[in-house]
Amino acid sequence: MFAVVAAGLTVAMQSCKKDNPDNPSGTASLTVENKQRSALIYNTATWCGPCGAYGSPEYKGAIEQGGTDLISLDLHTSGSSYLVPLWMKPANDTLFIAPFASQLYAQTKPNGYIPHFYCSNSFLGNSTVKTADIISYKNTYNANPCEVGVAASAKANGNSIDISYKLQAFSPDAADYYTSVLLVEKGVDGYQAGAAGSFTNHKHIIRASALTNGSNTPVAFSEAPEMSNPAANATVDKKVTYTFSAIPDAIKSKYPSVIYWNYNAANTGVAVLVWKKDTDGSMFFINAVWADVK
């Protein structure tokens, strides 16, 4: 499953075909800014040469230049990528891509090729995308009025992370609003085809979702709306706890090529994204915020 397939790829390629893939305690101190932020979701894979040669440098440039009003996230949904959101099915020693990863990817207007850049409801392109393009689009999107703002905090408690977040409607639509609550590894060194030496420091990797469904399966979006047809200045406070479970050594030995998430609070962030459901059932990005785990 995790065999290296990047040998046949060259940096001269322009893109790779992608594999198919209410106020609880702790929220009262949060203040929601009337501020618009963008979310950049960079879809990639460790076997993709153009991702390492073209996509990754531009993505990292966006992290460096985007400031706090650009929430940048690295998403791997390919089963043959070494960096994947891992979910171990109960009573089974098989690794799966967590279902939320493909759910999230499906909302980012994919065209089937990677690297793939999605920013705040727009598909920006593949290997031709530059950092300047991302920043320009971010600035344009963030000039819009803030429909629903969001604030968040995250506190470590052993292997658990207590996450509080708050939504406030500023210029709301008559719509249902949902959230994503994503656990993000800030940086990890590992294999990347196309990068110098086939090795790079991966940034802001989506590792897990703090939201689950009734079967305790991780999901990309809250199952019920967090807000429904909110009045101006209406607020909603939420709290959720995510508990990290280390992958057993037996699994690591079985799949030694995987770049596993070794949870470290100082190297972890939480991204809360706000979405509005369109009439066709798809999610329309509204706003986002980042919180370091303290």
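The values are calculated or read from the model by the stated rules, or taken from the named source; none is laboratory data. As the structure is a prediction and not an experimental result, all values here were calculated from the model. So basically every Cβ, Gly included, is an ideal-geometry build from the backbone, and we count neighbours across all protein chains shown. Ligands, DNA and RNA are excluded from the accessible area calculation, which covers all protein heavy atoms including side chains. Shrake-Rupley method; radii C 1.70, N 1.55, O 1.52, S 1.80 Å.
Just to verify a number: FRET efficiency for D280 and A231, C-beta to C-beta distance, R0 = 22 Å, to 0.05?
Details: r = 26 Å, r/R0 = 1.17.
Calculated value: 0.30.
When a/c reaches 1.5 or more, the comparison of a/b and b/c decides; with that in mind, is the range 39-185 rounded, prolate or oblate per its Cα gyration tensor?
oblate
Near Q36, within a Cβ-to-Cβ distance under 12 Å, what is the net charge of the other residues, with Lys and Arg +1 and Asp and Glu -1? Don't skip to the end; give the middle numbers.
Working: positive: K35, R37, K138; negative: E33, D69, E147.
Net local charge, Q36 excluded: 0.
For the cross-link pairs K166/K252; K138/K238; K166/K254; K89/K276; K130/K239, which exceed 32 Å when the distance is taken from alpha carbon to alpha carbon? Could you put the intermediate results ahead of the total?
On the way: K166/K252 37 Å; K138/K238 27 Å; K166/K254 41 Å; K89/K276 30 Å; K130/K239 37 Å.
The pairs that break the limit, which is 32 Å between Cα atoms, are K166/K252; K166/K254; K130/K239.
How about the chain: what cysteines have no other cysteine beta carbon under 4.7 Å from their own?
Unpaired cysteines in the chain: C119, C146.
What does the highest-first list of 250-262, 56-68 look like by mean Cβ count within 10 Å?
56-68, 250-262
If packing is taken as the mean number of other Cβ atoms within 10 Å per residue, what is the order of 42-49, 287-294, 108-115, 73-80, highest first?
Details: 42-49: 28.4, 287-294: 20.9, 108-115: 18.5, 73-80: 23.5.
The packing order, highest mean first, is 42-49, 73-80, 287-294, 108-115.
Using the beta-carbon distance between N201 and K239 and R0 = 22 Å, what value does 1/(1 + (r/R0)^6) give for FRET efficiency, to the nearest 0.05?
Plugging the Cβ-Cβ distance into 1/(1 + (r/R0)^6) gives 0.10.
Give me the accessible area per residue for the range 107-198, probe 1.4 Å, as a whole number in Å².
35 Å²
Summarise the accessible area of the chain (1.4 Å probe, protein heavy atoms) by the percent that is carbon and sulfur.
Taking all protein chains in place, the chain shows 49 percent carbon and sulfur surface.
Compute the relative contact order of the range 118-258 as a whole-number percentage, counting only Cα pairs closer than 8 Å that sit 6 or more residues apart in sequence.
Contact order relative to length: 25 percent.
Which whole-Hz ³J(HN,Hα) couplings does the range 86-92 yield from phi under the Karplus relation 6.51 cos²θ - 1.76 cosθ + 1.60, θ = phi - 60°, glycine and proline marked x?
Per residue, the Karplus-derived 3J(HN,Hα) values read 8, 9, 8, 4, x, 6, 8 Hz.
Could you give the accessible area per residue of the range 225-294, probe 1.4 Å, as a whole number in Å²?
Accessible area per residue, the range 225-294: 47 Å².
Which FRET efficiency value, to the nearest 0.05, do you get for A156 and S253 by plugging their Cβ-Cβ distance into 1/(1 + (r/R0)^6) with R0 = 22 Å?
Step by step, r from the Cβ atoms, then E = 0.20.
K155: which aspartates and glutamates have alpha carbons under 14 Å from its alpha carbon, excluding same-chain residues fewer than 8 sequence positions away?
D292
Quick check: from the Cα gyration tensor, does the range 126-196 come out rounded (a/c under 1.5), prolate or oblate?
Note, shape of the range 126-196 comes out oblate.
Over the range 180-294, what is the relative contact order in percent, taking alpha-carbon pairs closer than 8 angstrom and at least six residues apart?
It comes to 27 percent, rounded to a whole number.
Taking the highest mean first, how do the peptides 190-196, 147-153, 133-139 order by number of other beta carbon atoms within 10 angstrom per residue?
Numbers: 190-196: 20.7, 147-153: 22.3, 133-139: 18.6.
Averaged packing, sorted descending, gives the order 147-153, 190-196, 133-139.
So for the pair N34, D189, with labels modelled 7 Å out along Cα→Cβ, what separation do we get in nm?
It is 4.8 nm.
When a/c is below 1.5 the answer is rounded, else prolate if a/b is larger than b/c, else oblate, so apply that to the range 147-250 with a ≥ b ≥ c taken from the square roots of the Cα gyration tensor eigenvalues.
In terms of gyration-tensor shape, prolate.
What's log10 of I(q)/I(0) for the chain at q = 0.08, 0.11, 0.15 Å⁻¹, Debye sum over Cα points only, no solvent?
-0.32, -0.62, -1.17
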